[in-house]
């Protein structure tokens with residue numbers, strides 16, 4: 001699993017646990033597919049480790065058996081993987097005979113409640129649920145500990161009136177979990193994993209949006225046929241196209257249109273399944289497998305990575321609680337007019353099908369695994385996404401701005417390290433460790449350590465030998481990689497030549513406010529506007545500094561930033577025309593563009609590796625080439641308290657990251673001859689850490705500006 005994904009989840013959980021100390025109601029927003037169930041379990045496990053008197057009630061949709069799915073996941077995390085050992089889950093159900101009294105055992109600490117069970121006329125509403133909650137909270141009066149009940153509303157955007165009536169009386173804390181929390185009910189996110197962050201961490205797929213009202217279902221099916229073979233060959237997964245049809249009058253017509261297309265000779269190899277609320281109306285052409293299963297099992301079969309079902313046609317029966325990572329395409333025929341519904345449906349095709357072993361894939365396979373094709377819906381986050389591209393011709397800029405990046409070598413690349421010899425030197429274990437414990441330790445290890453284990457272990461004996469000593473190997477690996485003078489190198493190609501990268505020809509950014517108008521840097525918006533948005537107030541202020549600095553005169557009379565004339569290239573440039581005139585370089589208008597810009601993460605190769613418990617990549621915020629030929633690289637930080645960072649700069653993760661970046665940039669500056677900066681904003685003052693030739697210097701804003709205006 002990519003370390004950036006692990007870190008993103010861990011940071012969200014840390015914030016949830018921290019807020020639990022001070023807030024009685026907390027809302028967590030994260031895109032579908034980003035691992036909300038895993039993070040929920042992690043949060044509960046950490047809280048239960050510190051407070052044994054907490055009991056969690058997790059209220060989940062019964063649609064798609066979400067409560068049962070969550071229960072099975074919690075059992076797997078606690079008992080099989082040993083990942084969250086403090087969880088002791090119980091699935092509440094009403095499967096009793098009419099003569100039996102419904103009983104909920106009080107000796108668990110996590111209870112899963114299918115939300116639809118607690119409804120008018122149900123057995124839980126007949127005093128059973130309230131009696132159970134009272135028994136838990138009144139244990140102290142019976143000689144036991146005083147228990148506190150924390151309620152988690154999974155998919156909190158759906159109303160739970162009956163359950164809400166119990167809130168003030170019984171629940172000490174309430175957590176709202178959803179990809180689409182209901183703002184009208186006060187569910188404003190306290191902790192949020194943003195879509196872009198989840199995509200960049202490889203938790204969920206990026207979207208290739210086909211926003212054309214003239215596109216037909218045939219186009220989606222043809223596109224699916226195009227990528228099906230690649231998906232199987234590169235990912236070992238049978239992909240899936242999901243087609244969503246209308247609920248009412250149009251449904252029958254739409255089904256006939258889809259079937260007519262699928263019945264064409266070129267599509268007879270495709271297996272499809274129609275899933276609607278009425279089991280009698282469900283249908284499939286998979287007579288070999290699906291037709292032999294009860295309809296109730298169809299969804300379970302369809303979600304398997306090697307299921308033979310290529311296309312799933314559905315109404316509104318699988319919007320929530322149904323994970324199908326192999327789904328990579330969505331065609332929506334219906335017009336839901338519900339942004340929340342659209343987000344939930346899109347979540348079905350955005351899960352990473354190879355998340356757990358993503359690092360092992362080829363670059364081509366990674367790109368395929370991280371792409372979702374969607375027709376008929378414009379996601380809410382993409383409505384605020386703007387495309388950018390380099391000025392014509394982009395090679396003018398990419399030829400001018402060349403950047404060397406750095407990588408960290410793994411322990412196995414250390415010439416003096418011999419694994420077999422290292423293992424022989426370790427103290428022999430006195431008693432064999434459980435294979436389940438060894439596997440758990442292996443799964444927790446850094447990806448480079450796992451890879452070393454896989455390469456070494458050509459039989460079970462060697463695997464056990466390695467995993468028995470995996471802690472010592474991990475420690476040795478950590479010490480080596482953290483010593484950047486030994487482990488860091490300039491990135492090279494397969495022939496050993498140093499690689500030089502530049503800005504991507506095209507990218508995109510999210511509108512996060514913090515606007516600056518810029519018309520003369522390396523980027524232009526695809527819609528032609530000059531208004532750019534930045535991630536924070538600190539970034540916006542730093543942009544203002546660079547924008548003015550780029551056009552200032554330096555000590556030799558040139559502009560500080562290098563600049564190039566761009567425009568539409570004249571193919572006859574330099575030739576003599578019929579009038580005897582020399583053809584100009586450009587046709588029509590041309591303009592000077594200054595060689596600086598934001599390092600938009602989408603498609604970017606400008607990244608530098610550092611180590612903080614595991615391998616990470618730093619994508620600096622800005623790059624500038626000056627008229628002296630120097631490359632300046634900036635990673636902007638703020639120590640001002642923000643709503644996105646619990647405790648502001650006192651957040652240990654944030655502080656540790658800044659310190660590690662300082663170490664990494666210091667060595668990178670020595671290896672690449674590039675100048676690295678960490679401008680840190682505190683209130684209205686800048687403290688700028690500059691790394692040049694392996695030396696650190698702390699500068700004020702004025703000192704930084706003066707430095708850029710003169711040669712080194």
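Observations
- When we screen 540, 525 for residues that are farther than 28 Å from residue 701 by Cα and either surrounded by 15 or more Cβ atoms within 10 Å (Cβ to Cβ) or outside the structural domain of residue 682 (by TED's automatic domain parsing) (or both), the only hit is 525.
- Qualifying residue in segment 232-242 (condition: surrounded by 15 or more Cβ atoms within 10 Å (Cβ to Cβ) and at pLDDT below 85): no
- Residue match in segment 151-164 (condition: at pLDDT 85 or above and either in the same structural domain as residue 327 (by TED's automatic domain parsing) or farther than 25 Å from residue 5 by Cα (or both)): yes
- Here 503, 532 are screened, and the one residue that is in a strand (DSSP E or B) and either touching a helix residue (DSSP H, G or I) at 6+ places or on another chain (Cβ under 9 Å) or surrounded by 13 or more Cβ atoms within 10 Å (Cβ to Cβ) (or both) is 532.
- Condition check for residue 228: touching a strand residue (DSSP E or B) at 6+ places or on another chain (Cβ under 7 Å), within 23 Å of residue 368 (Cα to Cα) and surrounded by 14 or more Cβ atoms within 10 Å (Cβ to Cβ): no
- Among (1) surrounded by 14 or more Cβ atoms within 10 Å (Cβ to Cβ); (2) touching a residue at least 24 places away in the same chain (Cβ under 8 Å) - the single one residue 426 does not satisfy: (1)
- Just one of the numbered conditions (1) surrounded by 15 or more Cβ atoms within 10 Å (Cβ to Cβ); (2) more than 40 Å from the chain's Cα centre (by Cα) is not true of residue 594: (2).
- Meets criteria (more than 13 Å from residue 520 (Cα to Cα) and modelled with pLDDT under 85) for residue 565: no
- When 671, 678 are screened for being part of a strand (DSSP E or B) and within 34 Å of the chain's Cα centre (by Cα), only 678 passes.
- One residue stands out in segment 545-591 among those that are in contact (Cβ under 8 Å) with a residue 12 or more places away in the chain and surrounded by fewer than 11 Cβ atoms within 10 Å (Cβ to Cβ): the one that is nearest to residue 638 (Cα to Cα), namely 556.
Yes or no, residue by residue, for (1) under 20 Å from residue 327 (Cα atoms); (2) in the same structural domain as residue 216 (by TED's automatic domain parsing); (3) touching a helix residue (DSSP H, G or I) at 6+ places or on another chain (Cβ under 9 Å); (4) in contact (Cβ under 8 Å) with a residue 12 or more places away in the chain:
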| position | (1), (2), (3), (4) |
| --- | --- |
| 264 | no, yes, yes, no |
| 277 | no, yes, no, yes |
| 282 | yes, yes, yes, yes |
| 290 | yes, yes, yes, yes |
| 303 | yes, yes, no, yes |
| 307 | yes, yes, yes, yes |
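- From the options 407, 389, residue that is closer than 28 Å to residue 6 by Cβ and either assigned to a strand (DSSP E or B) or in the same structural domain as residue 672 (by TED's automatic domain parsing) (or both): 407
- Check on residue 398, in the same structural domain as residue 634 (by TED's automatic domain parsing), within 31 Å of the chain's Cα centre (by Cα) and touching a residue at least 12 places away in the same chain (Cβ under 8 Å): yes
- Residue match in segment 42-63 (condition: under 24 Å from residue 170 (Cβ atoms), free of Cβ contacts under 8 Å to residues at least 24 places away in the same chain and part of a helix (DSSP H, G or I)): yes
- Residue within segment 463-480 that is farther than 30 Å from residue 694 by Cα and in a loop (DSSP other than H, G, I, E, B) present: yes
- Segment 286-297: number of residues that are crowded, with 19+ Cβ neighbours inside 10 Å and out of contact with any strand residue (DSSP E or B) (no Cβ under 6 Å at 6 or more places or on another chain): 1
- Selection from segment 506-526 of residues that are in contact with a strand residue (DSSP E or B) (Cβ under 8 Å, 6 or more places away or on another chain), in a loop (DSSP other than H, G, I, E, B) and over 24 Å from residue 194 (Cα atoms): 518, 520, 521, 522
- Only one entry in 643, 638 is surrounded by fewer than 17 Cβ atoms within 10 Å (Cβ to Cβ), farther than 21 Å from residue 508 by Cβ and at pLDDT below 85, namely 643.
- Residue 243 meets all of the listed conditions (1) touching a helix residue (DSSP H, G or I) at 6+ places or on another chain (Cβ under 7 Å); (2) in contact (Cβ under 8 Å) with a residue 60 or more places away in the chain; (3) under 28 Å from residue 357 (Cα atoms); (4) outside any loop (DSSP other than H, G, I, E, B) but one, namely (3).
The values are calculated or read from the model by the stated rules, or taken from the named source; none is laboratory data. As the structure is a prediction and not an experimental result, all values here were calculated from the model. For neighbour counting, all protein chains shown are included, and Cβ atoms are generated from backbone atoms with ideal geometry for every residue, glycine included.
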